[in-house]
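The values are calculated or read from the model by the stated rules, or taken from the named source; none is laboratory data. What you are looking at is a predicted structure, and each value in this text was computed from that prediction instead of being measured. Using ideal geometry, Cβ is built from the backbone for each residue, glycine included, and neighbour counts are taken over all protein chains shown.
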Amino acid sequence: MTTLQSIYRHPLLKPEELQAIVDAHEKTVYRKGDYFLKKGQTANEYYCLEKGLVRSYVIDFSGREITTGFIGENEIIIDVMSLFQRIPSSENIQALTDCVCYRIDFETFQQLYHSIHGFSEWGRAWMSESLFRLKQRSISMITDSASERYQALIRQHPEILKHAPLKHIATYLGITDTSLSRIRKDFVSSNVGT
């Protein structure tokens, strides 16, 4: 199964409809450090990531970069508000590694979304899942310790630890680099011999 077939899998999509959606994408390559979207730009497309790691981030009130999300393989690179509300992005979206992805522009997406019932159902399901994950993250930032958030990140997205700089991981977890180093050291110590 290809990346696009995996991402768009939905029981209401017929094989020929899925193929039409797949065919509407254009393969694109981004190099490490390239931007998919910069703050102030309005998103005109989104991407399905086949290979690589991407992060989204904002600049806080004191000028520091704060990582708001990581996008891994077989996930969608998108600023939902910018794309669908047609407003300038408040985030930057940047490749952390070389990336291979598939781009679909807003107009093509809209045509397919409104003409293929299974695609609109897929979109509703994807958006619901995205909102659910965002809510879980919001609650976790309040109720879980930094160590628990780090362990969850290891379980859910081990590739992030291999490819993302520690400073980006720390800001994503809402902690300092020093705290992350201590948590990592404690985690390694507690898992020796297990």
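Tell me, which residue of segment 91-118 that is free of Cβ contacts under 8 Å to residues at least 60 places away in the same chain and of a type outside the set (G, A, S) is nearest to L18 (Cα to Cα)?
Y113
For segment 158-171, does any single residue satisfy the condition of being of a type in the set (S, T, Y), touching an Asp or Glu at 6+ places or on another chain (Cβ under 7 Å) and over 21 Å from E73 (Cβ atoms)?
yes
Residue by residue through segment 146-194, note down the ones that are surrounded by 15 or more Cβ atoms within 10 Å (Cβ to Cβ), within 19 Å of R55 (Cα to Cα) and either in contact with a His (Cβ under 6 Å, 6 or more places away or on another chain) or of a type in the set (A, V, I, L, M, F, W, C) (or both).
Once the filter is applied, which keeps residues that are surrounded by 15 or more Cβ atoms within 10 Å (Cβ to Cβ), within 19 Å of R55 (Cα to Cα) and either in contact with a His (Cβ under 6 Å, 6 or more places away or on another chain) or of a type in the set (A, V, I, L, M, F, W, C) (or both), segment 146-194 yields A152, L153, I160, A164, I169, A170, L173, I175, L180.
Please state which one of T97, T108 is outside any helix (DSSP H, G or I), surrounded by fewer than 18 Cβ atoms within 10 Å (Cβ to Cβ) and in the same structural domain as L49 (by TED's automatic domain parsing).
Among T97, T108, only T97 is outside any helix (DSSP H, G or I), surrounded by fewer than 18 Cβ atoms within 10 Å (Cβ to Cβ) and in the same structural domain as L49 (by TED's automatic domain parsing).
From K32, K39, which residue is touching a residue at least 12 places away in the same chain (Cβ under 8 Å), surrounded by 15 or more Cβ atoms within 10 Å (Cβ to Cβ) and either over 15 Å from the mean Cα position of the chain (by Cα) or in the same structural domain as I175 (by TED's automatic domain parsing) (or both)?
The match here is K39.
Say whether the condition of being assigned by TED's automatic domain parsing to the domain that holds F106 and under 22 Å from L161 (Cβ atoms) is met by at least one residue in segment 77-87.
Yes, that holds for at least one residue.
Among the residues in segment 1-16, are any among the charged types (D, E, K, R) and surrounded by 15 or more Cβ atoms within 10 Å (Cβ to Cβ)?
No.
In segment 48-86, which residue that is within 28 Å of T176 (Cβ to Cβ) and of a type in the set (A, V, I, L, M) is surrounded by the fewest Cβ atoms within 10 Å (Cβ to Cβ)?
Only one residue fits best here, namely I59.
For segment 180-189, indicate whether the set of residues that are of a type in the set (G, A, S), in contact with a helix residue (DSSP H, G or I) (Cβ under 8 Å, 6 or more places away or on another chain) and not assigned by TED's automatic domain parsing to the domain that holds G52 is non-empty.
Yes, segment 180-189 contains at least one residue that is of a type in the set (G, A, S), in contact with a helix residue (DSSP H, G or I) (Cβ under 8 Å, 6 or more places away or on another chain) and not assigned by TED's automatic domain parsing to the domain that holds G52.
What tally of residues in segment 50-82 results from selecting those that are closer than 20 Å to L4 by Cβ, assigned to a strand (DSSP E or B) and within 9 Å of the chain's Cα centre (by Cα)?
Here the count works out to 4.
Considering only segment 83-110, state which residues are of a type in the set (K, R) and more than 16 Å from the chain's Cα centre (by Cα).
Selection gives R86 alone.
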